[in-house]
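The values are calculated or read from the model by the stated rules, or taken from the named source; none is laboratory data. These figures come from a predicted structure and were not determined experimentally. Cβ atoms come from the backbone with ideal geometry, glycine included; neighbour counts cover every protein chain shown. Side chains are part of the model used for accessible areas, which takes the heavy atoms of the whole protein and leaves out ligands, DNA and RNA. Shrake-Rupley method; radii C 1.70, N 1.55, O 1.52, S 1.80 Å.
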Amino acid sequence: MSIFSVFTLLGGLAFFIYGMNQMSHSLERIAGEKMESIINGMTKNRFLGLLMGCVITIAIQSSSAVTVMLVGLVNSGIMDLSNTVGVIMGSNIGTTITAWIMSLIGISSDNIFIKMLKPDSFSPLLAFIGIILIMVSKREKRKDLGNGLVGFAILMYGMLLMSGSVEPLADSPAFANILVSFKNPILGVLTGLVITAIIQSSAASVGMLQALSMTGGITYGMAIPIIMGQNIGTCATAILSSIGVNKNAKRVAVLHLSFNIIGTAFFMIVYFAAHAIFDFAFVEEAIDPVGIALCHSIFNIGTTALLLPFTKQLVKLATRAIKTEPEQPVAFIDERIFDRPSVAVSECVKLSVEMAEMAKQSVELAVHNLFHNSEEGCQEIAKLESTVDIYEDHLGSYLVRLSGTDLTESDSKEVSRVLHSLGNFERMSDHALNLTYSAKEIEEKRLEISDQADLELGSLETAIHEIIGITVSAYANMDMELAQKVEPLEQVIDVLTETIRLHHVDRLQSGACTIERGFVLADILNNYERISDHCSNIAVAVLEARSDTYDPHEYLRQIKNMDSPRFRELFTFYRQKYVDHIKELNAATDIK
């Protein structure tokens, strides 16, 4: 084997790893929008978790990526540690698919249909189709599919380069002497472990072993320990990703490592004990790529079957290995999930909905507390406002950095919608806090409000409750029908607050109210009006996120010019419900 064969081997490995990463990234982008629903399926049911782990790994073709994602999700507090066990086991099974695909390279036949199964036969065609999709398609999904096909072709080309570069080794006495040392199973395990840990890809190390097996010099007895070591070595990525995370996230890496170590120890003992008793003839037989894929599958499926009933014990083992630490009061997305942008975006949306609910709760509590002031209520509003501030700070910073990653068009719109809405939710909680100051002033100065002002404020408070409820629901569910109701109601709230101000001036002139009460009333009206304005901004963000099927700018233009029949209908409905209603009540009760 010449120095040029070594260069070819290294180049083939580089092509293989690059093609694997390219294919994995493209497949993930294709499956990205469904990834969140798949992750949500990771319940406490270990069998469902096993299935989901297998599905995700097959979808993105990387068990290491799945484990790193789990570390980030647990570190963020999004996923519970016990829910990751089945997913890790499933990912180990899912990753065996790659070895089976690569085993097709060893197919040999004159039959045209069987020949078409060989990667060197169909991968150039896939590369051509992929390039056509990249160059011609305007839709991102098709471009991603094209990139995935090209990545697969590059991966297979790298595999062919590796297998071609090691062909001279079949007749090399030096290589045969080196292989003799691999009859030591401990050395085989260590070799598989170290190589996989260095290149951080079990698929690549299995591919290298499959390429070497085509020389005919690798036996089952040599390959089996190496395969087991490769499964331990693949844990290196999870271990590296666990640096700097909380202890609960570190336990994910411990779970992954312990799963493979226990499986390796068990099957090594069983395999060699059985071999000593029955003297397996196949041990000295040459192994081929299909045999390696088979051994890889048997090991991972067997280890899963062995340890699946003991998931609780594995969690206890990880918990004892990494001692408990106090959990943070607020958990946020971990930056390790940047490599899974669609997952990160989905989790950010979830957290923003939590933030929206807290802002809504703070406003509703503040409205109730206004004339029923209590210290407990004020403290709860202040606590909610502080938490919303933390959410806004962390989520805003995270989303700005996330927006610089490779996002799909739909994910970019989601990021824009959330970023646009965060500040509005935060300001709503600020206005809720402002209302507590008005409540304290009313209580401390023992201010009494007139019957007319009380009736009008009651109607305004009901409108505020309705608009914030509609807004948060429209935001959480991306409901365009609800979002269209916000602006007409916001316009009616503006009319209602202006009506209340004018009535207050009338009461001042007649001596029925004081300037001191007027200052407090003005503060209350300003805060209510600002809250409804922020609701309007959020509704527009929801409409803009659906701009592919709806033109929010045209809708706003129609509102400004009162050209929208739907807007006029809703505006009339809300005006009758709130403005005209209080006029009728004032007239009926003859309130002055």
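Could you tell me whether MET208 is modelled with pLDDT under 85, open to solvent by 20 Å² or more (accessible area, probe 1.4 Å) and under 30 Å from PHE128 (Cβ atoms)?
It is true that MET208 is modelled with pLDDT under 85, open to solvent by 20 Å² or more (accessible area, probe 1.4 Å) and under 30 Å from PHE128 (Cβ atoms).
Give me the pairs: first residue in region 440-456 and closer than 22 Å to THR497 by Cβ and of a type in the set (A, V, I, L, M, F, W, C), second residue open to solvent by 70 Å² or more (accessible area, probe 1.4 Å) and part of a loop (DSSP other than H, G, I, E, B), beta-carbon distance under 8 Å, and six or more apart or on different chains, which are they?
Close Cβ pairs satisfying both conditions: ILE442/PHE371; ILE449/PHE371.
When only residues in region 152-175 that are assigned to a helix (DSSP H, G or I), closer than 17 Å to THR215 by Cβ and open to solvent by less than 50 Å² (accessible area, probe 1.4 Å) count, which is modelled with the lowest pLDDT? Break it down into steps so the answer makes sense when it comes.
We begin by selecting, within region 152-175, every residue assigned to a helix (DSSP H, G or I); these are 152-165, 167-171, 173-175.
The next check asks that each one be closer than 17 Å to THR215 by Cβ; those that pass are 159-165, 167-171, 173-175.
Next, from what is left, pick out any that are open to solvent by less than 50 Å² (accessible area, probe 1.4 Å): 159, 161-165, 169, 175.
On the way: MET159: 76, LEU161: 82, MET162: 78, SER163: 73, GLY164: 76, SER165: 75, LEU169: 63, PHE175: 58.
Here the answer is PHE175.
Scan region 245-273 for residues that are of a type in the set (A, V, I, L, M, F, W, C), out of contact with any Ser or Thr (no Cβ under 9 Å at 6 or more places or on another chain) and open to solvent by less than 60 Å² (accessible area, probe 1.4 Å) and jot them down.
VAL245, LEU257, ALA265, MET268, ALA273, listed by residue number.
Take SER64 and decide whether it is within 27 Å of the chain's Cα centre (by Cα), among the small types (Gly, Ala, Ser) and either at pLDDT below 80 or farther than 21 Å from ASN231 by Cα (or both).
For SER64, the condition - within 27 Å of the chain's Cα centre (by Cα), among the small types (Gly, Ala, Ser) and either at pLDDT below 80 or farther than 21 Å from ASN231 by Cα (or both) - is met.
Is it true that some residue in region 531-544 is farther than 30 Å from LEU457 by Cβ, at pLDDT 65 or above and open to solvent by 10 Å² or more (accessible area, probe 1.4 Å)?
Within region 531-544, the subset farther than 30 Å from LEU457 by Cβ is 543-544.
If we keep only those that are at pLDDT 65 or above too, we end up with 543-544.
After this cut, where a residue has to be open to solvent by 10 Å² or more (accessible area, probe 1.4 Å) as well, the list is 544.
Yes, some residue in region 531-544 is farther than 30 Å from LEU457 by Cβ, at pLDDT 65 or above and open to solvent by 10 Å² or more (accessible area, probe 1.4 Å).
Test of understanding: among SER421, SER429, which residue is assigned to a helix (DSSP H, G or I), of a type in the set (Gly, Ala, Ser) and within 30 Å of ASP580 (Cα to Cα)?
Of SER421, SER429, the one residue that is assigned to a helix (DSSP H, G or I), of a type in the set (Gly, Ala, Ser) and within 30 Å of ASP580 (Cα to Cα) is SER429.
Are there any pairs with C-beta distances below 7 angstrom linking a residue in region 254-272 that is touching a residue at least 60 places away in the same chain (Cβ under 8 Å) to a residue that is outside any helix (DSSP H, G or I) and of a type in the set (A, V, I, L, M), with the two at least 6 apart or on different chains, and if so which?
Close Cβ pairs satisfying both conditions: VAL254/ILE322.
Which members of region 351-384 meet the condition of being basic (Lys, Arg) and more than 16 Å from ASN527 (Cα to Cα)?
The answer is LYS383, and nothing else.
May I ask you to verify whether ALA276 is open to solvent by 50 Å² or more (accessible area, probe 1.4 Å) and in a helix (DSSP H, G or I)?
The answer is yes for ALA276.
Just wondering, is there one or more residues in region 292-315 that are part of a loop (DSSP other than H, G, I, E, B), open to solvent by less than 30 Å² (accessible area, probe 1.4 Å) and either under 25 Å from LEU50 (Cα atoms) or in contact (Cβ under 8 Å) with a residue 60 or more places away in the chain (or both)?
Among the residues of region 292-315, not one is part of a loop (DSSP other than H, G, I, E, B), open to solvent by less than 30 Å² (accessible area, probe 1.4 Å) and either under 25 Å from LEU50 (Cα atoms) or in contact (Cβ under 8 Å) with a residue 60 or more places away in the chain (or both), which makes the answer no.
Of all the residues that make up region 435-454, how many are surrounded by 18 or more Cβ atoms within 10 Å (Cβ to Cβ) and under 24 Å from LYS360 (Cα atoms)?
Count: 5.
How about region 122-145: which of its residues are at pLDDT below 90, open to solvent by less than 30 Å² (accessible area, probe 1.4 Å), assigned to a helix (DSSP H, G or I) and over 30 Å from ALA286 (Cα atoms)?
ASP144, the sole residue that qualifies.
The conditions are (1) under 25 Å from MET358 (Cβ atoms); (2) touching an Asp or Glu at 6+ places or on another chain (Cβ under 6 Å), and ILE500 fails exactly one of them. Which is it?
All conditions pass for ILE500, except number (1).
Anything in region 221-235 that is buried (at least 21 other Cβ atoms within 10 Å of the Cβ) and either of a type outside the set (Val, Ile, Thr) or within 20 Å of the chain's Cα centre (by Cα) (or both)? List them, or say none. Lay out the reasoning, then the answer.
Within region 221-235, the first condition is being buried (at least 21 other Cβ atoms within 10 Å of the Cβ), and the residues that meet it are 222-235.
MET222, ALA223, PRO225, MET228, GLY229, GLN230, ASN231, GLY233, CYS235, listed by residue number.
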